[in-house]
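Participant: Can you read through this structure? Questions will come right after.
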Amino acid sequence: MADGHRLARRARPASARGADAIASPQRVARHLARLAMLGLATLSLHSVAATRVIFEVDMREEIRAGRFDPTQDLVGVRGGGAPLSWNTPILAKRVRDGHGALSSAGVPVSGTSTAAAQRGDTAAPTERESDRDSDREGDRDSIWTVELNFERAPIGGAVPYKFRIERSGQAADAGWEPGQNRMLELVADQVRVTRVFGAPAAPISLSRAGHIDALMPIPTQLVSPRTLQVWLPPGYENEPTRRYPVLYLHDGQNVFDAAAAGAEWSVDETAQRLVVSGQIQPLIIVAVSHSPQRADDYAPTRILANGEAQGGKAAAYARHLIEEIKPAIDARYRTRRDAAHTAVGGSSLGGIMSLWLAMHHSDVFGAALVVSPSLWWDDEFPIRDVARTALPMSQPRPRLWIDMGDGEGATAIRQLRQLRQQLVNRGWDRSSLNYLEARGATHDEASWAARVEGMLRFLDRQAWPAEGATPPAIGQDPFPPSRPTDINRPQPRP
């Protein structure tokens, strides 16, 4: 704009001004191109504009049932995707707009109707009017509201969330709305959510990309049977002689759609886009659902948690995956069956399960995605296991992607750095290890979905590079190795 202002003030010959009176085709084309670019810039800015969300939750039924005491309890909203977090609530406030004002829903909340106020009518209200005023007062006192700004929408455009009654000293599983997570769809510049606390979740719009086979559970005596879903790459049916690398993912019910948990990883959409655009080579993705005994299946050791024994059956689940699921997949689909073209991945407990499989079954899984791993399990057993597992230096190291969101807490980040140090001590380097601390990410599906593209690119370039391709070097690690750390020595607290 400043350059244009200077040009406008510059003295110009009369002949030049006359020549400009009739624009040439070239000048018109250039002008239209500038307008088009301006339009694209405007659209781009609009697409990343923040979304303002107004939550209004009606606590009337909770108050009447004695489950919520407005004089002592608070109402919070938690979720996945900044500014929401599952770990820390954003507190709502009660709607109290004062005499004669409107509530956030636009309803008069004073004791005098709007029409009466305009007439200047100050007569005493009738008994019926008093009852209505009392109801309005109760309505006003039962509504809690909070406003948030979402700077960017997650992949898929939806954020999982729940309201929770917040009170001091409550258990971690107390106060939540019943049922599955609710979904907040960021579809406009401003979104308003107005509903009753505990209202049933609305039907979730399922989004899927590509061809996905749903397979019946494979009979087993090792663990509880579980369903399988198999994503096939574009062009699979058109290349009958081609074989494909395979990625097995735990918690498979959350991988391709949000039906089970109210949120998803959007692996199918991301893989479809990357394969179709030629950014990664085609692969097969097998989503293995978890059973009701999730902690038992995914944790290598048994601990006492929440008053009950959990974990310790990872070896049995590994046998089911290796001896029963993988052979069935290899028989049904055109897979590349060797470890160099087979990877496994998962988050949280699924993350430590993936790490354990890579450490103890690298002859089957040549790569693992260790996403937001629950390294706290059994006094940091996963880290000790890496330090103590026998690994000859002559044995190739499985390719590992390890990550954590910096919003998962200082302890989680410290544990991930400790894991990285032990891996480096045991022979991993930048050609076999990708380390990531994801800025602003928390422990939820939306955060993991945002990292799927990086995971798939890592597998494509580091785990199973195309024939003749030279794997690119991993970016400079922000935490270079220092002296080897004794894993058995107590670590300083952050």
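The values are calculated or read from the model by the stated rules, or taken from the named source; none is laboratory data. Bear in mind the structure is a predicted one, so any value in this text is a computation, not a measurement. Neighbour counts are summed over all protein chains in view; Cβ atoms, including those assigned to glycine, are modelled from backbone coordinates with ideal geometry. Ligands, DNA and RNA are excluded from the accessible area calculation, which covers all protein heavy atoms including side chains. Shrake-Rupley method; radii C 1.70, N 1.55, O 1.52, S 1.80 Å.
Participant: Could you count how many residues in the range 230-265 are among the polar types (S, T, N, Q) and touching a Ser or Thr at 6+ places or on another chain (Cβ under 8 Å)?
Facilitator: Of the residues in that region, 1 qualify.
Participant: Whether any residue in the range 355-364 is open to solvent by 10 Å² or more (accessible area, probe 1.4 Å) and touching a Leu at 6+ places or on another chain (Cβ under 6 Å) is what I want to check.
Facilitator: Scanning the range 355-364, I find no residue that is open to solvent by 10 Å² or more (accessible area, probe 1.4 Å) and touching a Leu at 6+ places or on another chain (Cβ under 6 Å), so the answer is no.
Participant: Still on this structure: Being at pLDDT 85 or above, touching a Leu at 6+ places or on another chain (Cβ under 8 Å) and open to solvent by 30 Å² or more (accessible area, probe 1.4 Å), is that true of even one residue in the range 442-453?
Facilitator: Yes, some residue in the range 442-453 is at pLDDT 85 or above, touching a Leu at 6+ places or on another chain (Cβ under 8 Å) and open to solvent by 30 Å² or more (accessible area, probe 1.4 Å).
Participant: Step by step: first the residues of the range 248-284, then only those that are within 20 Å of P154 (Cα to Cα) and hydroxyl-bearing (S, T, Y), then the one that is surrounded by the most Cβ atoms within 10 Å (Cβ to Cβ). Which residue is that?
Facilitator: In this case the residue turns out to be S266.
Participant: Which of the residues spanning the range 290-314 are part of a loop (DSSP other than H, G, I, E, B) and at pLDDT 95 or above?
Facilitator: Correct list: A299, P300, T301, G312, K313.
Participant: What number of residues within the range 160-193 are outside any loop (DSSP other than H, G, I, E, B), under 16 Å from A92 (Cα atoms) and of a type outside the set (A, V, I, L, M)?
Facilitator: Qualifying residue count for the region: 7.
Participant: Here's a follow-up. If you go through the range 152-189, how many residues are under 23 Å from S207 (Cα atoms) and not basic (K, R)?
Facilitator: Residues meeting the conditions: 19.
Participant: For the range 410-458, give me each residue that is within 20 Å of the chain's Cα centre (by Cα) and under 27 Å from S394 (Cβ atoms).
Facilitator: Selection gives N434, Y435, F458.
Participant: Are there any helices (runs of 4 or more DSSP H) wholly within the range 369-449 with 2 or more residues that are under 30 Å from R152 (Cα atoms) and of a type outside the set (K, R), and if so which?
Facilitator: Where helices (runs of 4 or more DSSP H) fall fully within the range 369-449 and carry at least 2 residues being under 30 Å from R152 (Cα atoms) and of a type outside the set (K, R), they are 410-425, 445-449.
Participant: Let me ask something else. Residues in the range 456-463: is at least one at pLDDT below 95, assigned to a helix (DSSP H, G or I), over 19 Å from A358 (Cβ atoms) and open to solvent by 10 Å² or more (accessible area, probe 1.4 Å)?
Facilitator: No, there is no match, as no residue in the range 456-463 is at pLDDT below 95, assigned to a helix (DSSP H, G or I), over 19 Å from A358 (Cβ atoms) and open to solvent by 10 Å² or more (accessible area, probe 1.4 Å).
Participant: Across the range 287-323, which residue is nearest to S224 (Cα to Cα) among those that are open to solvent by 50 Å² or more (accessible area, probe 1.4 Å) and of a type in the set (D, E)?
Facilitator: E323
Participant: Assess whether P245 counts as being in contact with a helix residue (DSSP H, G or I) (Cβ under 9 Å, 6 or more places away or on another chain) and farther than 28 Å from V159 by Cβ.
Facilitator: Spelling it out, P245 is indeed in contact with a helix residue (DSSP H, G or I) (Cβ under 9 Å, 6 or more places away or on another chain) and farther than 28 Å from V159 by Cβ.
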